[in-house]
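Only one structure is covered here, and it is reproduced in the block below.
The values are calculated or read from the model by the stated rules, or taken from the named source; none is laboratory data. Quantities reported herein were computed from a predicted structural model and do not represent experimental measurements. Here the Cβ positions follow ideal geometry from the backbone for every residue, glycine too, while neighbour counts run over all protein chains shown. These accessible areas exclude ligands, DNA and RNA; they are computed on the full protein's heavy atoms, side chains included. Shrake-Rupley method; radii C 1.70, N 1.55, O 1.52, S 1.80 Å.
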Amino acid sequence: MKVAIGCDHGGINLKPVLIDYLNKKGIEYKDFGTFEKTSVDYNDYAESVCTAVADGQFDKGILICGTGIGMSIVANKIKGIRCAHCHDVFSAKATREHNDTNVIAFGERVIGPGLMIEIVDAFLFTEFSNDARHIRRVDKIKSLEQKNFK
Ligand code: RB5
């Protein structure tokens with residue numbers, strides 16, 4: 001499994017905890033930044049991570065900002081990305097089983113390191129259910145990407 005990770009200044013303190021977890025689990029990852037506490041735009045890091053996932057270079061993406069909201073909004077604008085804004089383990093597991101999400105976003109100002117690791121673990125190691133109804137619904141999401149809305 002290859003994972004792309006990124007944060008803005010609002011997620012810079014939680015990212016080392018995530019990196020430590022990935023290293024201990026032996027999970028291959030690339031850190032797309034930011035690497036400093038200077039204020040940056042979350043948009044740029046969400047775009048870098050999500051385009052790399054959408055291109056197939058990485059299996060999953062993990063985004064951290066202050067709330068996870070800005071990152072998730074940007075992520076879900078990118079074709080091929082289904083991003084869950086998620087702060088609990090139940091939802092992290094369910095969104096993999098039901099929505100086949102490939103990116104997760106959460107906020108450093110919302111959760112602590114212990115819960116974050118449990119959420120990430122559930123997200124990375126829960127498989128899509130492959131139930132017909134969930135396949136149908138994910139296909140409907142994908143079909144929206146082909147439409148041109150005015
Ligand atoms: C940065 O202050 C903050 O707005 C950002 O990290 C994120 O929470 C945006 O949604």
request  = Looking at (1) among the hydrophobic types (A, V, I, L, M, F, W, C); (2) touching a strand residue (DSSP E or B) at 6+ places or on another chain (Cβ under 8 Å); (3) surrounded by 20 or more Cβ atoms within 10 Å (Cβ to Cβ), find the lone condition where Ile69 falls short.
outcome  = (3)
inquiry  = Between a residue in the range 126-150 that is at pLDDT below 95 and any residue that is surrounded by 10 or more Cβ atoms within 10 Å (Cβ to Cβ), which pairs come within a Cβ distance under 8 Å, given they are 6 or more apart or on different chains?
reply    = Glu145/Lys79; Glu145/Gly80
key: Whichever residue in the range 78-100 is assigned to a strand (DSSP E or B) and open to solvent by less than 30 Å² (accessible area, probe 1.4 Å) and, among such residues, is farthest from the ligand (Cβ to nearest atom)   = Ala84
message = Between Val110, Val103, Val120, which is within 16 Å of the ligand (Cβ to nearest atom), out of contact with any Pro (no Cβ under 6 Å at 6 or more places or on another chain) and under 20 Å from Ser48 (Cα atoms)?
response = Val103
key: Selection within the range 1-28 - open to solvent by 60 Å² or more (accessible area, probe 1.4 Å) and within 16 Å of the ligand (Cβ to nearest atom)   = Asn13
message = Among the residues in the range 123-133, are any in a helix (DSSP H, G or I) and either over 15 Å from the mean Cα position of the chain (by Cα) or over 23 Å from Val17 (Cβ atoms) (or both)?
response = yes
Every residue from the range 29-77 that is among the aliphatic types (A, V, I, L, M), more than 16 Å from the ligand (Cβ to nearest atom) and within 11 Å of the chain's Cα centre (by Cα) = Val53
ask   = Does at least one position in the range 56-65 carry a residue that is part of a helix (DSSP H, G or I), more than 22 Å from Ile141 (Cα to Cα) and among the hydrophobic types (A, V, I, L, M, F, W, C)?
value = no
